[in-house]
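The values are calculated or read from the model by the stated rules, or taken from the named source; none is laboratory data. Not measured: the values here are computed from a predicted model. Cβ: placed from backbone, ideal geometry, glycine included. Neighbour counts: every protein chain shown.
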Amino acid sequence: MKALYQRILSIAAIAIMTVGLSGCGYKVTYNLSGGSIPPEATTFSVAYFPNNAPMVAPTLSNVLTEALRDKFSRQTRLQQVEEGGDFAFEGEITNYTSNTSSVSSGDYALQNRLTITVKVNFQNAVDQTLSFNNKSFSSYADYDATQLLVDVQDQLIEEIVDDLVNDIYMAAAGNW
């Protein structure tokens with residue numbers, strides 16, 4: 001009975017604090033994906049990210065551009081527009097390389113690493129102080145050295161792009 005009484009008091013205290021704080025004028029929209037979007041922002045735009053890396057994967061530009069659009073469509077209340085969104089992204093893929101990441105004691109490659117780097121310009125029309133230009137984001141994934149890159153690159157690109165998009169999202173919307 002004592003535990004039930006304490007639980008009821010705890011719930012009542014939380015309810016009172018919530019009502020009390022809601023009248024203080026604080027208003028920022030949070031979502032479960034770890035980002036915060038100001039209520040004044042209503043749109044976003046993502047320009048096509050060209051692949052300007054010395055080594056090019058044919059599908060990478062499209063996969064990255066669509067993944068960033070999809071992230072903001074699914075995890076925010078912002079509406080996508082062609083250009084000039086309140087949250088506007090543009091950039092380029094600057095690096096796409098595969099290097100040895102692990103060698104055996106006999107100097108044989110055990111693992112290779114695919115690394116992708118993108119340079120992003122983000123304009124926040126609601127709060128220009130949160131905008132950034134030419135910010136680099138890089139991510140990688142390792143794969144067995146016995147495999148050819150062309151055989152595993154689609155899977156690796158999806159994994160790496162997912163990490164890159166999460167990093168870009170948090171840099172733009174994770175300002176809390």
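Here is a yes/no grid of residues against (1) at pLDDT below 95; (2) under 19 Å from the mean Cα position of the chain (by Cα):
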position	(1), (2)
Met17	yes, no
Leu21	yes, no
Pro39	yes, no
Ser45	no, yes
Asn52	no, no
Gln80	no, yes
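From the list Ser138, Ser102, the one residue that fits, being in contact with a strand residue (DSSP E or B) (Cβ under 8 Å, 6 or more places away or on another chain), surrounded by fewer than 16 Cβ atoms within 10 Å (Cβ to Cβ), among the polar types (S, T, N, Q) and modelled with pLDDT of 95 or more, is Ser138. As a summary of the residue check, Ser136 satisfies the conditions (1) assigned to a strand (DSSP E or B); (2) in contact with a Leu (Cβ under 8 Å, 6 or more places away or on another chain); (3) farther than 18 Å from Asp70 by Cβ except for the one numbered (2).
Determine which member of the set Asn112, Asn121 is over 18 Å from Phe44 (Cα atoms) and either modelled with pLDDT under 95 or part of a strand (DSSP E or B) (or both). Just a single option satisfies the conditions, and that option is Asn112. Per the listing Tyr48, Tyr143, the residue uniquely part of a loop (DSSP other than H, G, I, E, B) and among the aromatic types (Phe, Trp, Tyr) is Tyr48. Step by step: first the residues of segment 82-106, then only those that are more than 19 Å from the chain's Cα centre (by Cα) and in a strand (DSSP E or B), then the one that is farthest from Asn121 (Cα to Cα). Which residue is that? By that ranking, first place goes to Val103.
Residues that are under 30 Å from Pro39 (Cα atoms), in a strand (DSSP E or B), modelled with pLDDT of 95 or more and out of contact with any Leu (no Cβ under 7 Å at 6 or more places or on another chain) do not occur anywhere in segment 154-176.
Among the residues of segment 105-131, the ones that are touching a residue at least 40 places away in the same chain (Cβ under 8 Å), over 23 Å from Gln153 (Cα atoms) and surrounded by 13 or more Cβ atoms within 10 Å (Cβ to Cβ) come to 5 in all.
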